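Enquirer: One structure follows; several queries about it will come next.
No lab work stands behind these numbers, since they all come straight from the coordinates. Everything numeric in this text was worked out from a predicted model, so none of it was measured.
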Amino acid sequence: MNHRMVLAGLAALALGVGLATGVQAQATDPGENLDAQQIPEVSADAEISRHAEGQRDPHRGSVTNLPLPRYVSLKGGEGNARRGPSLSHRIDWVFRHAGMPLRVVAEFGHWRRVEDQDGAGGWVHYSLLSGVRTAIVRKDMLELLAKPDERADVVARAEAGAIVRLHECNPEWCRVSGGGEKGWVPKSTIWGVDADETRE
């Protein structure tokens with residue numbers, strides 16, 4: 001039986017992260033034209049500490065009161081990750097794949113500190129992020145099954161690096177979709193969901 005590949009709209013991910021160049025920074029953000037000598041060297045951690053004085057729960061964001069850490073996705077095809085939570089901070093990374101799952105680990109004003117599956121990232125403006133949950137396939141030719149059972153029928157296969165939409169999850173399995181196909185995969189084979197997280 002020939003199983004359909006989960007490829008449509010799910011191009012293999014080049015892990016969508018690259019070092020920003022000066023040209024990219026200038027093109028994406030006028031704030032990069034500021035004279036570096038006019039920008040005070042302020043630690044992002046220091047800013048967070050000042051902002052978090054009234055924070056009651058360290059496991060919730062000081063701005064949104066949403067859980068920390070949590071997963072989001074990149075809304076568009078490109079997102080600048082900065083060294084600190086403002087336009088005056090330099091761009092360290094550029095995420096380049098729409099729907100890419102990211103992990104929010106801190107908040108400051110309109111900014112969210114995010115990480116990809118390799119721990120790379122920085123501060124991203126909240127308008128570049130979406131609450132739509134996605135995941136990255138970590139195993140090549142991952143089988144999507146008809147039900148959460150390793151003996152179930154295979155409905156499709158996904159290449160490593162593909163981005164899939166995340167649906168419900170139980171303690172061991174998640175149902176994902178992409179390219180018109182939907183199926184269950186072991187939670188350990190994707191990145192974008194915590195090991196103890198369940199979704200309905």
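Enquirer: Do the alpha carbons of any pairs in 75/139; 139/187; 75/147 sit beyond 21 Å of each other, and which pairs? Each step should come with its number before you reach the end.
Expert: Working: 75/139 24 Å; 139/187 11 Å; 75/147 30 Å.
As for pairs spanning more than 21 Å Cα to Cα, those are 75/139; 75/147.
Enquirer: Also, I was wondering about something else. Want the number for residue 177 to residue 198: 0.36 nm per residue separation, take away the alpha-carbon distance, what's left? Can you show the working numbers first?
Expert: Details: separation 21, 0.36 × 21 = 7.56 nm, distance 1.68 nm.
Net length gain for the segment: 5.9 nm.
Enquirer: How much length is gained if the chain between residue 149 and residue 83 is pulled fully straight, taking 0.36 nm per residue apart and subtracting their Cα-Cα distance, in nm to one decimal? Please report the intermediate quantities before stating the final value.
Expert: Numbers: separation 66, 0.36 × 66 = 23.76 nm, distance 4.35 nm.
Roughly 19.4 nm would be gained on extension.
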